[in-house]
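Trainee: My structure is below; once you've seen it, I'll send some questions.
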Amino acid sequence: MRFSRLVRLTICTALLGAGGICAQTPPLDLVHKAAPAFVRMDLAGRKVRLRNYRGKVVLLNFWATWCASCRLELPRFADWQKTFGAQGLQVLAVSMDDSASPARRTARKLHLNYPVVMGDAMLGEKYGGVLGLPVTFLVDRDGMVVERFKGETDLDAMEAEIKRILREPSAPISAEGLR
């Protein structure tokens, strides 16, 4: 059911771009805004709260097992987690598959060393409508979205952006920032 909805939304977006008519709101631009909060269970059954990663640079990747570009990125993200984790990078992956089984198999096969949670249409909407995969957000140490990458991405450029953000100091966290 979710897969067919994603297909419909993708077609709808294509029609909008081609001048067609479709009752779909435009994607929300989150760059320079606070990353929407979420709490999800990871594939091992542990609670993952985005706010718990405040103080870290978060690479938040929406993907699916049926997405070839996604499967190519995941191992590189695992390398970055290993290389830059001590400097404050945290990779979080959000599988948009209909069930956890294929995501679990892929995470095991690719030896992913970061949390993988299950997403849904509601979480996708919070992030501006995740139409077409992969979609990756870079969130700075203060919880602000600083970059959005959609589709097949130049991973070297993404890595350079991660390195740049990791070098930036974070602002002191106030009680308001811990929402």
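Trainee: Skipping prolines and chain starts, which residues have an amide H placed within reach, meaning under 5 Å, of the one on ASP97, given they are 5 or more residues away or on another chain?
Mentor: Here THR65, GLY119 satisfy the definition.
Trainee: Further question on the same structure: How would you rank MET144, MET96, MET122, going from fewest to most other Cβ atoms within 10 Å of each one's own Cβ? Before the final figure, lay out the partial values.
Mentor: On the way: MET144 16, MET96 25, MET122 8.
Arranged by neighbour count, lowest to highest, MET144, MET96, MET122 become MET122, MET144, MET96.
Trainee: Mind checking which lysines have their Cα closer than 25 Å to the Cα of LYS56? Skip sequence neighbours fewer than 8 apart in that chain.
Mentor: LYS33, LYS47, LYS82, LYS126, LYS150, LYS163
Trainee: Which log10 I(q)/I(0) values, to two decimals, does region 26-168 give at q = 0.11, 0.14, 0.18 Å⁻¹ under the Debye formula with one point per Cα?
Mentor: -0.34, -0.58, -1.02
Trainee: For ARG167 paired with ASN113, estimate the spin-label separation in nm (one decimal), with each label point 7 Å from Cα along the Cα-to-Cβ line.
Mentor: With each label placed 7 Å out from Cα toward Cβ, I get 2.4 nm.
Trainee: What residues have an amide H closer than 5 Å to that of LEU30, excluding those fewer than 5 places away on the same chain, when H is modeled at 1.01 Å from N in the peptide plane?
Mentor: Residues meeting the criterion, in which the H sits 1.01 Å from N, do not exist here.
Trainee: Something else now. So if we plug the beta-carbon distance of ALA157 and ARG49 into 1/(1 + (r/R0)^6) with R0 = 41 Å, what FRET efficiency do we get, rounded to 0.05?
Mentor: Computed FRET efficiency for ALA157 and ARG49: 0.90.
Trainee: Where the only charges are on Cβ atoms (+1 Lys, Arg; -1 Asp, Glu), what is the dipole of region 26-168 about its Cα centre, to the nearest 20 debye?
Mentor: Working: 22 positive and 17 negative charges, 133 e Å.
It works out to roughly 640 debye.
No lab work stands behind these numbers, since they all come straight from the coordinates. Predicted model, so just to flag it, every value in this text is computed and none were measured. So basically every Cβ, Gly included, is an ideal-geometry build from the backbone, and we count neighbours across all protein chains shown.
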